Amino acid sequence: MGYFREATGIKGPSGFGSGNTAEEVTKGIDASHLTVIITGGSSGIGAETARVLAFRGAHVIIGARNLEAANNVKQRILRGQISPARVDIIQIDVSSLRSVRAFADKFLAMDLPLNVLINNAGIMYCPFQLSEDGVEMQFATNHLGHFLLTNLLLEKMKTTAAKTGTEGRIVNLSSVAHIGPYSEGIKFDKLNDKKAYNDKLAYGQSKLANILHSNELARRLKAEGANVTANSVHPGLVRTNLGKYSPVFMTVLKTVTCVLWKNIPQGAATSCYVAVHPNLKGVSGKYFADSNEEKPSNMARDAVLAKKLWDFSEQLVNSK
């Protein structure tokens, strides 16, 4: 049903569908009491997510590798606001655990509350490469860096929620590509094996990891009674996030999938919806597409695999 709805634009139970924009799904929402961190907020749907949440009044912290691009986004946001927007920038390269730790230190030193964390940054279908920590690059960027960042900021989110009574929300950007990982899901034993590497399957692996991370985090938060939720989202097939394809392939792809393509405001909608919409109060450990809850793959709902990934990720970040 989810894919049919994405192709047709039919609205789901939330009242929204694939054709709705981020502004539309947040219409009437006052986010002026929220502080939001968005990684990868210097371009694409990350920049649009930052713009719309700032437009709704949130204090937005853009985490970006390219400070010049992030500042351009900030200036566009400030120019487009009727009332003064609150936007700050902190540099981060999510593929680098050192950079992630530095980002967390800088943010915590600002002594701000933290209500929403949107783990948006990511890469797609890149040739085999190891991060500076010696981890396969798509896994390092799309999952491991965000896993560490979330853990470093989690206590601040819990404290903020307890002091203010406002629910904290963590949003992990996944993808429908999570249905196409390696056959075993996560290559725990051969994660960094160049011979076993496939760029498409490695991307699917990292997007599967995003959902598993959200689910296990949601379970842990619920068990301790924290007023913080964790969910994952599929933004849709957005014109900016297809990675390094050849021009010929891109032309063919656009031709045969034109009904599924979203523009950037539509691509940012689900992230914004899950981050701030009041209808999702208390909803955790779920997967969303087109601003509606959908059922991910069986592997993505495997609690044993989610726990194994958590332990594996924890060991990796603690060893670096």
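Summing charges over neighbours of Arg76, with a neighbour being any other residue whose Cβ is under 11 Å away from its Cβ, gives +2 when K and R count +1 and D and E count -1. Once both labels are modelled 7 Å past Cα along the beta-carbon direction, what's the Lys320-Lys106 spacing in nm? The modelled label-to-label distance comes out at 1.8 nm. For the chain, the 222 nm mean residue ellipticity estimated from helices alone, with every DSSP H stretch of n ≥ 4 adding -39500 (n - 2.57) and the total spread over all residues, rounds to -13000 deg cm²/dmol. Extension gain for Ala196 to Gln81 (0.36 nm times residue separation, less C-alpha to C-alpha distance): 36.5 nm. Close amide H pairs (under 5 Å, H built 1.01 Å from N) link Glu136 with Ser131, residues at least 5 positions away or on another chain. Heavy-atom accessible surface of His33, to the nearest 10 Å², is about 110 Å², with a 1.4 Å probe and all protein chains retained. Sorting the Cα pairs of the range 112-248 by distance into bins of 10 Å, from 0 upward, gives 12, 40, 30, 15, 3, 0 percent per bin.
For Arg169, nonlocal amide neighbours, meaning residues 5 or more places apart or on other chains whose placed amide H falls under 5 Å from its own, are Val116, Leu117, Thr229. Residues of the range 118-141 with an amide N closer than 11 Å to a point placed 7 Å from the Cα of Arg98 along the Cα-to-Cβ direction: 132-133. So which of Lys194/Lys307; Lys11/Lys281; Lys207/Lys308 end up more than 18 Å apart, counting from Cα to Cα? Check vs 18 Å cut-off fails for Lys194/Lys307; Lys11/Lys281. Stretched out straight at 0.36 nm per residue, the stretch from Ala223 to Glu184 would grow longer than its current Cα-Cα span by 11.2 nm. In this rough spin-label picture, where each label sits 7 Å from Cα along the Cβ direction, the Glu155-Trp261 distance is 4.8 nm. Ligands, DNA and RNA aside, Tyr203 has an accessible area near 20 Å² when probed at 1.4 Å. How many nm is it between the label spots at Phe128 and Asn279, if each spot is 7 Å from the Cα in line with the beta carbon? A separation of 4.5 nm, rounded to one decimal place. DSSP finds beta bridges in the chain, and of those with both partners inside it, around 15 percent are antiparallel.
Ala303 sits among other residues whose Cβ lies under 12 Å from its own Cβ, and their net charge, with Lys and Arg +1 and Asp and Glu -1, is +3. Take the Cβ atoms of Phe312 and Glu68, set R0 to 45 Å, and the FRET efficiency comes out at 0.80. Taking 20 Å as the cut-off, the amide N atoms of the range 48-64 that come nearer than this to a point 7 Å along the Cα-to-beta-carbon line of Gln91 belong to 61-64.
The values are calculated or read from the model by the stated rules, or taken from the named source; none is laboratory data. No experiment lies behind these values; they were computed from the predicted model shown. Ideal geometry is used to build each Cβ from the backbone, glycine not excepted, and the neighbour counts take in all protein chains shown. With ligands, DNA and RNA removed, areas are computed over all heavy atoms of the protein, side chains included. Shrake-Rupley method; radii C 1.70, N 1.55, O 1.52, S 1.80 Å.
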